[in-house]
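**Student:** Supplied in structure tokens, the structure appears directly below.
The values are calculated or read from the model by the stated rules, or taken from the named source; none is laboratory data. For clarity, every value in this text was computed on a predicted model and none was experimentally measured. When we count neighbours, we look across all protein chains shown, and the Cβ atoms used for this are built from the backbone with ideal geometry, even at glycine. The area values use the complete protein model at the heavy-atom level, side chains included, leaving out ligands, DNA and RNA. Shrake-Rupley method; radii C 1.70, N 1.55, O 1.52, S 1.80 Å.
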Amino acid sequence: MRIDKLLANMGFGSRKEVKKLLKEGAVKIDGMPVKDAKFHVNVTKDEVTVYGEVVEYKEFIYLMMNKPQGVISATEDNMHETVIDLLEEEDLVFEPFPVGRLDKDTEGFLLLTNDGQLAHQLLSPKKHVPKKYFAKVEGQVTEEDIEAFQKGVILDDGYETKPGVLTILHSGPLSEIELVITEGKFHQVKRMFEAVGKKVVYLKRTEMGPLKLDEELELGQYRELTEEEVALLKGE
């Protein structure tokens with residue numbers, strides 16, 4: 001990879017700013033100063049330093065975000081703030097995108113990455129990746145609802161959902177539940193409850209596949225996944 005592209009990708013500035021660093025002699029490869037922006041680096045073998053700081057090359061980025069309400073799961077939007085708008089510049093250079101979507105008014109676990117292959121695996125209907133939600137529901141959620149969700153319910157457009165595992169945490173005029181589903185149809189959790197005559201008034205995704213939302217993440221905050229978490233996602 002060209003040295004200017006590598007440094008730009010790793011967040012050391014624009015191509016123009018990187019050229020300035022090269023010109024100043026701040027960049028060294030295996031201890032030797034390099035000033036040519038077109039110089040090719042072996043990213044797996046060569047040690048690249050900028051002002052003595054070793055550049056850790058990585059191709060992919062994996063981020064766990066606690067998505068707040070009012071922010072949409074898209075890379076760009078002319079009208080609304082997107083999850084990409086919440087990222088720091090050093091992470092934006094990797095051009096990550098949300099894996100799947102959470103509705104604008106839904107909070108919780110959202111994965112962002114630039115690893116298209118992993119995103120495809122996680123979103124593939126054949127993989128049946130489970131997603132767990134916590135919800136507050138207007139109306140008393142009952143054992144009958146648990147049974148209906150286990151069989152699959154008919155949505156307003158005639159689609160029959162795959163079985164969902166519904167757990168009642170509190171049943172009353174305002175019930176609290178957890179629901180695990182393996183699909184991601186538009187507004188699916190809300191529409192499943194509408195199918196049994198109830199209304200979701202608060203929704204938060206707490207888990208995706210083998211990963212749980214980091215409880216230390218405030219709404220709008222995010223962090224990189226650990227190597228172990230990435231391996232779990234990839235099923236390694």
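**Student:** Return the only residue of L217, L203 being under 24 Å from S124 (Cβ atoms) and either open to solvent by less than 20 Å² (accessible area, probe 1.4 Å) or at pLDDT 95 or above (or both).
**Tutor:** Answer to the check: L203.
**Student:** Separate question: Going residue by residue through the stretch 46-64, is there one that turns out to be under 14 Å from the mean Cα position of the chain (by Cα) and either without any contact (Cβ under 8 Å) to a residue 12 or more places away in the chain or surrounded by fewer than 17 Cβ atoms within 10 Å (Cβ to Cβ) (or both)?
**Tutor:** Yes, the stretch 46-64 contains a residue that is under 14 Å from the mean Cα position of the chain (by Cα) and either without any contact (Cβ under 8 Å) to a residue 12 or more places away in the chain or surrounded by fewer than 17 Cβ atoms within 10 Å (Cβ to Cβ) (or both).
**Student:** Something else now. Inside the stretch 20-42, can you point out the residues that are out of contact with any strand residue (DSSP E or B) (no Cβ under 8 Å at 6 or more places or on another chain) and surrounded by 15 or more Cβ atoms within 10 Å (Cβ to Cβ)?
**Tutor:** L22
**Student:** Please specify each residue of the stretch 145-164 satisfying the condition of being exposed (fewer than 15 other Cβ atoms within 10 Å of the Cβ) and either under 23 Å from the mean Cα position of the chain (by Cα) or touching a residue at least 40 places away in the same chain (Cβ under 8 Å) (or both).
**Tutor:** I154
**Student:** Identify, from the list V93, V83, the residue that is β-branched (V, I, T), within 30 Å of E56 (Cβ to Cβ) and at pLDDT below 95.
**Tutor:** V93
**Student:** Just give me the residues in the stretch 70-98 being in a loop (DSSP other than H, G, I, E, B) and touching a residue at least 60 places away in the same chain (Cβ under 8 Å), in sequence order.
**Tutor:** V71, L87, V93, F94
For (1) under 16 Å from the mean Cα position of the chain (by Cα); (2) charged (D, E, K, R); (3) at pLDDT 95 or above; (4) open to solvent by 30 Å² or more (accessible area, probe 1.4 Å), each residue gets a yes or a no:
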residue: L169; (1), (2), (3), (4): no, no, yes, yes
residue: E176; (1), (2), (3), (4): no, yes, yes, yes
residue: L179; (1), (2), (3), (4): no, no, yes, no
residue: K185; (1), (2), (3), (4): no, yes, no, yes
residue: V189; (1), (2), (3), (4): no, no, yes, no
residue: R223; (1), (2), (3), (4): yes, yes, yes, yes
residue: E227; (1), (2), (3), (4): yes, yes, no, yes
residue: K234; (1), (2), (3), (4): yes, yes, no, yes
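**Student:** Of all residues being surrounded by 16 or more Cβ atoms within 10 Å (Cβ to Cβ) and not in a strand (DSSP E or B) in the stretch 115-139, which is nearest to the chain's Cα centre (by Cα)? Just the residue, please.
**Tutor:** Of everything passing the filter in the stretch 115-139, A119 is nearest to the chain's Cα centre (by Cα).
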